[in-house]
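Right, one structure below, let's go through it.
The values are calculated or read from the model by the stated rules, or taken from the named source; none is laboratory data. No experiment lies behind these values; they were computed from the predicted model shown. Glycine gets a Cβ as well: all are built from the backbone with ideal geometry, and neighbour counts include every protein chain shown. Ligands, DNA and RNA are stripped out before the accessible areas are found, and what is left, the full protein with its side chains, is counted by its heavy atoms. Shrake-Rupley method; radii C 1.70, N 1.55, O 1.52, S 1.80 Å.
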Amino acid sequence: MVSRSFLFLHVLIMFCLAVMAFSELSDDFYEDVCPEALPTINRVVKAAIQKERRMGASLLRLHFHDCFVNGCDASILLDQTATIDSEKTARANNNSARGFEVIDKIKSEIDKACGRPVVSCADILAVAARDSVVALHGPTWEVKLGRRDSTTASRTMANNDIPSPFMDLPALINNFKNQGLDEEDLVALSGGHTLGFAQCFTFRDRIYSETNIDSTFASQRQANCPRSGGDSNLASLDPTPALFDSKYFSNLVSKKGILHSDQALFSGGQTDDLVKTYSTNLGTFSKDFAESMIKMGNIKPLTGNQGQIRVNCRKVN
């Protein structure tokens, strides 16, 4: 009787340990089940960026906007249905978030390479973001893998939780704190704006109404962003929108941040010193950015038996 109880306890402990191991993110999650997974993602990302350099910033942004809404679970990819409140129409994403077709292409290619759907859409977003940064001459990092995909989405949470380009520093700090991210993460991850573009409606008030802005810079931006109309006209977030460098931070020091939320990082507050450091030290920025991306990628992942591995990233199985 005792030996039988001991055997049962031993099996139970081993089962629990196995579940715990399976439920944790790891950098070699697909090494045995599909060794071609990561090379496939890398190949498709490189091809997409070669076709359109802007796509790198778009894929990075998708991962960011995904993680800030109830964790990194690919909820941002779900289309609207009778039961899915799609995040694609949230304020921060509507007519703005892009790259969905690239994710579809990755999913198709990776399922062919693996022989079946074993790689989650959430992991595809995380790896595609890393590979995009590397393709645009930024740092690399080990992406922890094993996320699973959500079966729900929330436009309301996206509206509330994705940081707005109109936020001031206290609001930004609080927004990131709610995700378990600190002020260094805020500054480092905001440095993702070394890549990509912003639409006119997101910076119109800044270039026409704010005073902590270089006047020549404001005039240049006004040429392509009128007081009314042209809401979707684009302006680069820094002088080199397809190159990962530190010019985003140099711009902030020179009062040339295009978004209110960008310039808020260098406006006499507690993040000024770090902005100055990054503006003259690309190595430090790159290192901190990579560390903060890992930290962000670990926000509330679904693992183990939670969620699912979607067959189509746009809809629940």
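Using packing as a proxy for protection, rank 215-224, 172-181, 118-127, 60-69 so that the peptide with the highest average count of other Cβ atoms within 10 Å comes first. Kindly include the intermediate steps, with their values, before the conclusion.
On the way: 215-224: 13.6, 172-181: 16.8, 118-127: 27.6, 60-69: 25.9.
Highest-to-lowest ranking by the protection proxy: 118-127, 60-69, 172-181, 215-224.
So how do 293-299, 266-272, 134-140 stack up, highest first, on mean other-Cβ count within 10 Å?
Values: 293-299: 20.6, 266-272: 16.3, 134-140: 18.1.
In descending order of packing, they fall as 293-299, 134-140, 266-272.
In 10 Å bins starting at zero, report the fraction of Cα pairs in segment 186-303 per bin as a rounded %.
14, 43, 30, 12, 1, 0
Label segment 239-279 by shape, choosing from rounded, prolate and oblate, from the square roots a ≥ b ≥ c of the eigenvalues of the Cα gyration tensor; if a/c is under 1.5 it is rounded, and otherwise prolate applies when a/b is larger than b/c, oblate when it is not.
It comes out oblate by the Cα gyration axes.
What is the diffusion coefficient of segment 33-158 in µm²/s, taking the Kirkwood radius over Cα pairs and the Stokes-Einstein relation at 4 °C with a viscosity of 1.567 mPa s?
Details: Rh = 14.6 Å.
Reported coefficient: 89 µm²/s.
Please state the shape class of segment 194-255: rounded when a/c is under 1.5, otherwise prolate if a/b exceeds b/c and oblate if not, all from the C-alpha gyration tensor.
oblate
Give the distance, in whole Å, between the Cα centre of segment 185-248 and the Cα centre of segment 78-121.
28
Tell me, Kirkwood radius of segment 36-75 from alpha-carbon pair distances, in Å?
11.1
With a probe of 1.4 Å, find how much accessible area the chain has per residue, and write the answer as a whole number in Å².
Value for the chain: 47 Å² per residue.
Percent of Cα-Cα pairs more than 18 Å apart in segment 74-130, please.
Looking at segment 74-130, the distances longer than 18 Å represent 39 percent of pairs.
Taking the chain as a Gaussian network, where each spring joins two C-alpha atoms under 10 Å apart, which residue of ASP214, ASP149, ASP131 fluctuates the most?
Among ASP214, ASP149, ASP131, the largest GNM mean-square fluctuation belongs to ASP214.
Let me confirm the definition first: pairs of Lys residues in segment 205-317, 8 or more apart or on different chains, C-alpha distance under 18 Å. How many are there?
For segment 205-317, qualifying lysine pairs total 8.
For segment 218-313, with all protein chains present and a 1.4 Å probe, just round the carbon and sulfur fraction of the accessible area to a whole percent.
Carbon with sulfur: 49 percent of the solvent-accessible area.
For segment 112-164, take the convex hull of the Cα atoms, compute a quarter of its surface area, and give me that in nm², please. Display every interim value, and only then the final one.
Numbers: hull surface 22.8 nm².
Answer in nm², one decimal: 5.7.
On C-alpha positions alone, give me the angle between the axis of helix 55-67 and the longest principal axis of the chain, in degrees, nearest 10.
Tilt relative to the chain: about 60 degrees.
Enumerate the aspartates and glutamates that LYS112 could reach by cross-link, defined here as Cα to Cα under 14 Å, with residues fewer than 8 away along the same chain left out.
Once the sequence-local aspartates and glutamates are set aside, what remains near LYS112 is GLU36, ASP104.
Could you quote the convex hull projected area for segment 96-198, Cα atoms only and averaged over all directions, in nm²?
For segment 96-198, the mean projected area of the Cα convex hull comes to 8.1 nm².
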